[in-house]
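The values are calculated or read from the model by the stated rules, or taken from the named source; none is laboratory data. Given the structure is predicted, the values throughout are model-derived calculations rather than measurements. Neighbour counts are summed over all protein chains in view; Cβ atoms, including those assigned to glycine, are modelled from backbone coordinates with ideal geometry.
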Amino acid sequence: MALMAERPKGSRGEIIRWGEKLFERHLVSGWGGNVSCRFGRSRYLVTARGAALGFLRAADIVETDTRGQAVRPGRQPSSETPLHLAVYAATDARAVVHVHPPEIIAGCRDIEEFVPLSFEEEYSLGRVPVIAHEGPTVADPEPVAEALRDHPVVILRGHGTVARGRDLMGAFLVTDLLAEAVRCRRMMPDPP
């Protein structure tokens, strides 16, 4: 029986763990999405450009400074690093998850706000803003960061979601709950 490689401990290990969970829950596929966490007072751990969240290794996680620059030579952080840093600057987040859930992208393309059906989902998520967005990378992170001051998760029209949390589990859970809420809404029969 082959032994599994031991997962790194600490924040890098947590990023790897939650990247796997995001992939397993079909909240991200291929090389899409990125994850980060605050690491000390002025450092961040961010998944690298081109890193597949479902198959991360410690080398796929880049330590950055407050400008989003890699602290050590090697891999570059995600192109979405400015988005993550804007969320940290605007909120008390300790972790940020940005993924591309297909059901959310398809189900929320033509709305301004997503309203969950169940009381529990609305209590936990509130009314989720849908933010206009163009292109494969968030060019203007300020509207996203501003919306995340009052909401745990937002939807980027035609792109995906951005969630903040006290930790990676919290950001994962609100992302997963939003995906479930969108599935629930899609199960409703069309009005007669």
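Can you tell me how many residues in the stretch 53-74 are part of a loop (DSSP other than H, G, I, E, B) and surrounded by fewer than 17 Cβ atoms within 10 Å (Cβ to Cβ)? Steps first, answer last, please.
Residues of the stretch 53-74 part of a loop (DSSP other than H, G, I, E, B): 56-57, 65-69, 71-74.
Remaining after also requiring surrounded by fewer than 17 Cβ atoms within 10 Å (Cβ to Cβ): 57, 65-67, 69, 71-74.
Counting residues in the stretch 53-74 that are part of a loop (DSSP other than H, G, I, E, B) and surrounded by fewer than 17 Cβ atoms within 10 Å (Cβ to Cβ) gives 9.
Pull up the stretch 110-126, narrow it to residues that are over 18 Å from the mean Cα position of the chain (by Cα) and assigned to a loop (DSSP other than H, G, I, E, B), then point me to the one that is surrounded by the most Cβ atoms within 10 Å (Cβ to Cβ). Ranking the qualifying residues of the stretch 110-126, first place goes to 116. Look at the stretch 3-32: where a residue is β-branched (Val, Ile, Thr) and a partner is at pLDDT below 90, sitting 6+ places away or on another chain with Cβ atoms under 8 Å, you get 16/7; 16/8. Restricting the search to the stretch 150-166, which residues are in contact with a helix residue (DSSP H, G or I) (Cβ under 8 Å, 6 or more places away or on another chain) and either in a loop (DSSP other than H, G, I, E, B) or modelled with pLDDT under 95 (or both)? Listed by number, the residues that qualify are 151, 152, 158, 159. All conditions in (1) farther than 14 Å from residue 168 by Cβ; (2) in a loop (DSSP other than H, G, I, E, B) hold for residue 105, with the sole exception of (2).
For the stretch 89-120, name all the residues that are of a type outside the set (Lys, Arg), under 30 Å from residue 41 (Cβ atoms) and out of contact with any helix residue (DSSP H, G or I) (no Cβ under 6 Å at 6 or more places or on another chain).
Kept after step one, since they are of a type outside the set (Lys, Arg), are these residues of the stretch 89-120: 89-93, 95-108, 110-120.
When the remaining residues are screened for being under 30 Å from residue 41 (Cβ atoms), the result is 89-93, 95-99.
Within the stretch 89-120, 89, 92, 98 meet the criteria.
Please indicate, with yes or no, whether at least one residue in the stretch 116-131 is under 29 Å from residue 12 (Cα atoms) and of a type outside the set (Gly, Ala, Ser). Scanning the stretch 116-131 turns up at least one residue that is under 29 Å from residue 12 (Cα atoms) and of a type outside the set (Gly, Ala, Ser). Outside any helix (DSSP H, G or I), without any contact (Cβ under 8 Å) to a residue 24 or more places away in the chain and either surrounded by fewer than 19 Cβ atoms within 10 Å (Cβ to Cβ) or not β-branched (Val, Ile, Thr) (or both): does that describe residue 147? No: the conditions fail for residue 147. Answer yes if at least one residue in the stretch 10-33 is touching a strand residue (DSSP E or B) at 6+ places or on another chain (Cβ under 8 Å), within 23 Å of residue 137 (Cβ to Cβ), modelled with pLDDT of 95 or more and part of a strand (DSSP E or B), and no otherwise. No, that holds for no residue. Considering only residues that are modelled with pLDDT under 95 and over 14 Å from the mean Cα position of the chain (by Cα), look in the stretch 127-149 and name the one that is farthest from residue 77 (Cα to Cα). So the residue we want is 132. Output the residues belonging to the stretch 158-173 that are more than 15 Å from residue 28 (Cβ to Cβ) and in contact with a Leu (Cβ under 7 Å, 6 or more places away or on another chain). Within the stretch 158-173, just 164 meets the criteria.
Out of 71, 46, 87, 128, report the one residue that is touching a Ser or Thr at 6+ places or on another chain (Cβ under 8 Å), closer than 21 Å to residue 173 by Cα and not acidic (Asp, Glu).
Details: 71 fails: closer than 21 Å to residue 173 by Cα; 87 fails: touching a Ser or Thr at 6+ places or on another chain (Cβ under 8 Å); 128 fails: touching a Ser or Thr at 6+ places or on another chain (Cβ under 8 Å).
Going through 71, 46, 87, 128 in turn, the sole match is 46.
The number of residues in the stretch 21-47 that are under 10 Å from the mean Cα position of the chain (by Cα) and among the β-branched types (Val, Ile, Thr) comes to 2.
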